[in-house]
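Read the structure below first, then the notes.
The values are calculated or read from the model by the stated rules, or taken from the named source; none is laboratory data. Bear in mind that the values here come from a model prediction, so they are computed numbers and not experimental data. When we count neighbours, we look across all protein chains shown, and the Cβ atoms used for this are built from the backbone with ideal geometry, even at glycine. Keep in mind that these areas ignore ligands, DNA and RNA; they rest on the heavy atoms of the full protein, side chains included. Shrake-Rupley method; radii C 1.70, N 1.55, O 1.52, S 1.80 Å.
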Amino acid sequence: MAAPAQKTEPDTTARVRHADRLIEQAMEEHDPHLLDEAVVLLRGVAAELPADDPTRLAPLWSLKSALQVRFGVYAHPADLDDAVALLRELLAGTPAQHPAVVDARADLADTLVGRYRETGQESDLGEALTLYEEGLPTLPANHPARSGFLAGYADALLARAEEAQDADLLDDAIRTAGTAVDAMRKGDHRTSGALCTLGLALRLRYRVRNRPADIDAAVTTLRQSAELAVDGDPNRPGYYANLGLALADRHANSGKDEDLDQAIDALRRAAEGLPPESPEQHEASWCLAAVLKERWDRDGESADLDDAITHARTSIMSGPSGHPGLAVRRWQLGDALFERFELHERRDDLEEAVATLRQALVSAQRSGTPEPAAVSMRLATVLAERFERYGAEADIGEALELGQAAVAATEDDHPDLPGRVASLGYLLQTSSHRPGRDADLDEAVGLLREALRAPLRTPPVGDATPSTAGTQGNADARLQAVAAAVRSGETLPGDAPSGEMPSGAAPSGAGPSGAGPSGEQAPAPVDAPEPGQTEQDGRNAVTFRLGLALSERFGRRGALTDLDAAIAAYRTLREATAPDHPLHDLAGETLAALERARAEES
């Protein structure tokens, strides 16, 4: 009888090796089911071994790795919690002088920082910082693990600085990350991550201290981080996302066109390289939509607006239903769709804009951010435009209800109250185009005058400022119709085109919101006007609208006081706008028509 075959290695070792191969295969083939198989196998091996068996450490290490990888795929919090628990057990069970202690401490600290970024649990960040600070003194300057340990510590310091907006902590994070980068050998795969931490810390310090040198250094460092990463590095798209956000910040500071173009290229690489429907992908898509919208505002290329709308839709549809920035994102998508409607006059865009703004209002009412009153007013002005274009009485009725409710919900000392009052005046003026609604025009004139008596922080949504991106012709046509009506004494028809409405100025505080792919904020609004310019733009918009309302009322009733007041409004507007501003010439042409009408009445 033949002797039984001899095992070449213990059964537990063979099973652990098999599980490790499953983990590698799952990562190569992107097959999460293999991860599930590895986790089940390793849990079984660990459960069979006594707690004091030294061979138990090997399956625990492999199980910890499998759970971390699986968390990256499924994002199940339980996997991250189990990985933390295993790392604590590994650290406690490894002899103090064993080389694996350094790896266990660093891995536990890194995983705790990751969990803190997921949950915001302060104790995780505090424990991680303690692990780093207690471990660093034990590592000699030439220890091969020291540079990676320093990189992890810098990331934890950055997380604490982000929470506290503490510039001194940022200085510490920048010094530590710089030391880690300098200590890494050429070709070290960890260098890209350390450079990313350094770049993010520099970007945040720029936002805290507003020093241009910091954002320049951030762009340079984050570009190195992305370019050093190998093609197969799963973090590479995130590095490009962070580079894109830094470039967008620098564009906001310097206005250099090439920064905005490069930001779009970097964010496009990020969005295309991240796993579909992952949290990072929908954040990158949103940031890409935001910078594409900025370039549309700059250049007026309709392809950028189309692309921005596509990526904004992708972000909203793939993101979680409870995302804190959902209301703002829907609001801005609705605005972009309305701009495209004004550009091409495709009714589908207008219908989608209304539907999207309705969703934004529901989200805002649930979250309180942004103010529901602000979203209500924007929806109201778009409904008013739909009434002007297509004549549905229900639209202007709903618009008035929304506008009146928004003004009523705004506190007397709220900085946006004058703008909302002016927007309500616009809604009433639009309502007055219906038969038998002359009283609405009187109320509109009163509200527009009231708005001008207070500082206006932003041009009210629904103002009369013509867009420079495709609506100039409509604005001229509307003014010519007004002038013709004034000259003839006719009442303006209720279905007269109102294309002079702007593409939709972004409401205050409605810039891209929510965390970017790195946990950073999305890019700041680009080319934001100075405070003085913003207030003057608001006054100009309301003055234009007041002049229009007074002209309409003169056309209906022939009261010379209205004609004189309209002339005064347009004279003020012409004097308040620069010669190259679109409103300057429009105000001048309308003023000339009104003055001729006044001469005929004398």
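List the relative contact order of the range 239-364 as a percent without decimals, with contacts defined as Cα pairs under 8 Å and 6+ residues apart. Write down the numbers at each step before the final one.
Details: 157 pairs, mean separation 22.4, N = 126.
Answer for the range 239-364 is 18 percent.
Please work out how much length the chain gains when fully extended from Ala85 to Arg175, using 0.36 nm per residue of separation minus the C-alpha to C-alpha distance, in nm with one decimal. Write down the numbers at each step before the final one.
On the way: separation 90, 0.36 × 90 = 32.40 nm, distance 3.13 nm.
Extending this stretch completely gives an extra 29.3 nm.
I'd like the FRET efficiency for Ser254 and Asp52, computed as 1/(1 + (r/R0)^6) with the beta carbon distance as r and R0 of 60 Å, rounded to 0.05. Intermediate values should be presented prior to the final figure.
Values: r = 63 Å, r/R0 = 1.05.
Between Ser254 and Asp52 the formula returns 0.45.
Calculated from the structure, semi-axes √(5λ) of the Cα gyration tensor in Å equals which of [x] 67, 28, 25; [y] 51, 32, 29; [z] 62, 24, 19?
Label of the calculated value: [z].
Magnitude of the Cβ-charge dipole of the chain, K/R +1 and D/E -1, about the Cα centre, nearest 20 debye? Before the final figure, lay out each step's value.
Numbers: 60 positive and 100 negative charges, 54 e Å.
That gives the chain a dipole magnitude of about 260 debye.
Mind checking the full-extension length gain between Asp216 and Glu450? Use 0.36 nm per residue of separation minus the Cα-Cα distance, one decimal, nm. Write out the running numbers ahead of the final one.
Values: separation 234, 0.36 × 234 = 84.24 nm, distance 4.56 nm.
Length difference between fully extended and current span is 79.7 nm.
Could you check the spin-label model distance between Asp348 and Ser302? Points 7 Å from the Cα along Cα→Cβ, value in nm.
Distance between the two pseudo-spin positions: 1.3 nm.
Tell me the volume per residue, in Å³, of the convex hull enclosing the alpha carbons of the range 48-170.
Details: hull volume 14.1 nm³, N = 123.
Value for the range 48-170: 114 Å³ per residue.
What are the ³J(HN,Hα) couplings of the range 584-600, residue after residue, when phi is run through the Karplus curve with 6.51, -1.76, 1.60 and θ = phi - 60°? Round to Hz, x for glycine and proline.
Result, rounded to whole Hz: 5, 5, 5, 5, x, 5, 5, 4, 4, 5, 5, 5, 5, 4, 5, 5, 5.
If I stretch the segment between Thr119 and Ala568 completely, what's the gain in nm (0.36 nm per residue apart, minus their alpha carbon distance), one decimal? Present the calculation step by step, with values, prior to reporting the outcome.
Values: separation 449, 0.36 × 449 = 161.64 nm, distance 5.87 nm.
Additional length available on full extension: 155.8 nm.
Using R₀ = 51 Å, calculate the FRET efficiency as 1/(1 + (r/R₀)^6) where r is the Cβ-Cβ separation of Thr369 and Ala145; round to 0.05. Before the final figure, lay out each step's value.
Values: r = 43 Å, r/R0 = 0.85.
After rounding, the FRET efficiency stands at 0.75.
Tally up the carbon and sulfur contribution to the accessible surface of the chain as a whole percent, 1.4 Å probe, everything protein left in place. Let's see the in-between values first.
Values: 13530 of 26470 Å².
C and S fraction of accessible area: 51 percent.
From Cα pairs below 8 angstrom and at least 6 apart in sequence, can you work out the relative contact order of the chain, rounded to a whole percent?
8 percent
Per residue of the range 81-94, what does 6.51 cos²θ - 1.76 cosθ + 1.60 with θ = phi - 60° give for ³J(HN,Hα)? Whole Hz please, x for Gly and Pro, Karplus curve as stated.
Computed from phi, the couplings for the range 81-94 are 4, 5, 5, 4, 4, 5, 5, 4, 5, 5, 5, 5, x, 9 Hz.
Hey, what number do you get for the chain at 222 nm if only DSSP H runs of n ≥ 4 count, each worth -39500 (n - 2.57), divided across all residues, to the nearest 500? Intermediate results must be reported in sequence, preceding the final value.
Working: 24 runs with 437 residues, N = 602.
So the calculated ellipticity at 222 nm is -24500 deg cm²/dmol.
With every protein chain present, what is the per residue accessible area of the range 302-379 (1.4 Å probe, Å²)? Working shown, then result.
Numbers: 3000 Å² over 78 residues.
About 38 Å² of surface per residue is accessible.
Taking every pair of alpha-carbon atoms in the range 292-407, give the share separated by more than 22 Å as a whole percent.
Details: 2252 of 6670 pairs.
Percent of Cα pairs beyond 22 Å in the range 292-407: 34.
Calculate one ³J(HN,Hα) per residue across the range 400-408 by plugging θ = phi - 60° into the Karplus curve 6.51 cos²θ - 1.76 cosθ + 1.60, and present them in order as whole Hz with x for glycine and proline.
5, 4, 5, x, 5, 5, 5, 5, 4
Can you check what the Kirkwood hydrodynamic radius comes to for the range 188-333, Cα pairs only, in Å to one decimal?
15.4 Å
Accessible area per residue for the range 230-283 in Å², computed with a 1.4 Å probe and the full protein assembly in place, what is it?
Numbers: 2370 Å² over 54 residues.
Heavy-atom accessible area per residue stands at 44 Å².
Taking the Cα centre of the chain as the origin and placing charges on Cβ (Lys, Arg +1; Asp, Glu -1), which of Pro50, Leu136, Ala66 is farthest toward the positive end of the dipole?
In the chain, that residue is Leu136.
Taking only the Cα atoms of the range 397-449, how large is their convex hull per residue, in Å³? Before the final figure, lay out each step's value.
Working: hull volume 3.3 nm³, N = 53.
In the range 397-449, the Cα convex hull volume per residue is 63 Å³.
To the nearest 20 debye, what charge dipole does the range 177-225 have about its Cα centre, counting +1 at the Cβ of each Lys and Arg and -1 at the Cβ of each Asp and Glu?
Details: 9 positive and 4 negative charges, 22 e Å.
Its charge dipole is roughly 100 debye.
Relative to a virtual label point 7 Å from the Cα of Ala167 in the Cα→beta-carbon direction, which members of the range 181-207 show backbone nitrogen distances below 11 Å?
Correct set: 205-207.
Label-point separation (nm) for Ala78 and Glu134, each offset 7 Å from Cα along Cα-to-Cβ?
In this crude spin-label approximation the distance works out to 3.0 nm.
Please give the per residue accessible area of the range 82-176, computed with a probe of 1.4 Å over protein heavy atoms only, in Å².
On the way: 4220 Å² over 95 residues.
Accessible area per residue, the range 82-176: 44 Å².
Once the Cβ-Cβ distance between Glu411 and Asp231 is put in as r, and R0 is 60 Å, what FRET efficiency do you end up with, to the nearest 0.05? Display every interim value, and only then the final one.
Numbers: r = 55 Å, r/R0 = 0.91.
The calculated FRET efficiency here is 0.65.
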